[in-house]
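The values are calculated or read from the model by the stated rules, or taken from the named source; none is laboratory data. Please read all numbers here as calculations on a predicted model, not as lab measurements. With ideal geometry, Cβ positions are generated from the backbone for all residues, glycine too; neighbour counts draw on all protein chains shown. What goes into the accessible areas is simple: the full protein's heavy atoms, side chains included, and nothing from ligands, DNA or RNA. Shrake-Rupley method; radii C 1.70, N 1.55, O 1.52, S 1.80 Å.
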Amino acid sequence: MNYLRNMEAIVSPPRTAMEVFKLLPEGSLAEVIENNLYMSPTPITPHQRMVRKLLVKLDAWIEEKSLGEVFIAPFDVYLDEHTNAVQPDIIYVSNENSTIVDEESTIHGVPDLLIEILSPGNRNYDLETKKSLYEKFGVKEYWAIDPLTKEVLGYFLIDGKYLDAEILKGKIASKLLSKTFIF
C-alpha cells in the first residue's frame, strides 16, 4: 500500500511514534508523549462550548493588551522534535516567546500557557500524564477545566515545579495574563 502525505510517497515504514504522528492526515486528533502515540475521539458538545467561550475571552484580552497570540486545537505543539508533540485545546504564546510559532506549520517549543478541557474519557490523561509533561517542559501556567461542573484546576510553575492546584469554579485567574476570566 502506498501512503501519501504532502504528495510524497513513503519509502520505508515508520519506526517511531513521532514518525507515525507526522504521517497522520491534517486535523487528526493525536499526540505523542514520551514516544507513545495517543489518539482521541472528536470532542463532545460541552467541551466545544467551553473552548469557544474561553477562546473569545482570552483572545479579546490578549489582542487588547497586545500580549501575543492564542491558538486552538487541532494545532500541533512540538515540545521537542523527537518524542513529544501535543494538541492542547487552547494555547497562548507571548510576544517574547513568538519565535516558537512556525509560520509555515505549527509550534516548535514551549508555549507560555496551555488549557485543556476535560472530557469523560481523558480526565486522568490530562490531569496526570499531560500535567507531568507540561511541568517537565516548563509551561508557565496550565489550566484543566471540567466543562460540566465548571471546576477549574490551575497550575503555576515555580522553580521548575507546579504548585498544588488552585481550585476555582467558573473562572480562570491567570497570573501570567494578569486577568481573571469568568465563564
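Take the Cβ atoms of F137 and L176, set R0 to 22 Å, and the FRET efficiency comes out at 0.90. In this simple spin-label model, placing a label point 7 Å from the Cα along the Cα-to-Cβ direction at both E128 and K57 gives a separation of 2.9 nm. Loop sites by DSSP among the trypsin sites (Lys or Arg not before Pro) of the chain, restricted to those with at most 16 other Cβ atoms within 10 angstrom, leave 16-149 as the longest stretch without any of them. Based only on Cα atoms, what Rg/Rh ratio does the stretch 23-92 have, Rh being taken as Kirkwood's radius? Value, to two decimals: 1.03.
Its Cα gyration tensor gives the stretch 93-183 an equivalent ellipsoid, and the semi-axes of that ellipsoid, as √(5λ) in whole Å with the largest first, are 22, 15, 14.
Its Cα gyration tensor gives the stretch 128-176 an equivalent ellipsoid. The semi-axes, each the square root of 5 times an eigenvalue, are 19, 12, 8 Å from largest down. Here is the list for the stretch 76-168: GluC sites (Glu not before Pro) lying in DSSP coil, each with at most 10 other C-beta atoms within 10 angstrom of its C-beta, are E81, E103, E104. Simple point charges give the picture: +1 on the Cβ of Lys and Arg, -1 on the Cβ of Asp and Glu, and for the chain a dipole about the Cα centre of about 720 debye. Computed from Cα atoms, the angle from the helix 45-65 axis to the main principal axis of the chain rounds to 70 degrees. Using the 1.4 Å probe convention, the accessible area of the stretch 107-183 works out to 46 Å² per residue with neighbouring protein chains retained. 3J(HN,Hα) along the stretch 170-183, derived from phi through the Karplus expression 6.51 cos²θ - 1.76 cosθ + 1.60 where θ = phi - 60°, amounts to x, 7, 10, 10, 7, 6, 5, 9, 6, 7, 9, 10, 9, 9 Hz, with x in place of Gly and Pro. Rounded to the nearest 5, the antiparallel percentage of DSSP beta bridges internal to the stretch 97-172 is 70%. Computed in the context of the full set of protein chains, the accessible area of the stretch 40-172 at 1.4 Å probe radius has 50% of its extent on carbon or sulfur.
Expressed as a fraction of 2.2 N^0.38 Å, the value expected for a compact globular protein of N residues, the C-alpha radius of gyration of the chain is 1.04. 3J(HN,Hα) along the stretch 79-85: 5, 9, 8, 10, 9, 9, 9 Hz, from the Karplus curve 6.51 cos²θ - 1.76 cosθ + 1.60 with θ = phi - 60°, whole Hz, x for Gly and Pro.
For K175, a cut-off of 30 angstrom between C-alpha atoms picks up these lysines, skipping any fewer than 8 places away in its own chain: K53, K57, K65, K130, K131, K136, K140, K150, K161.
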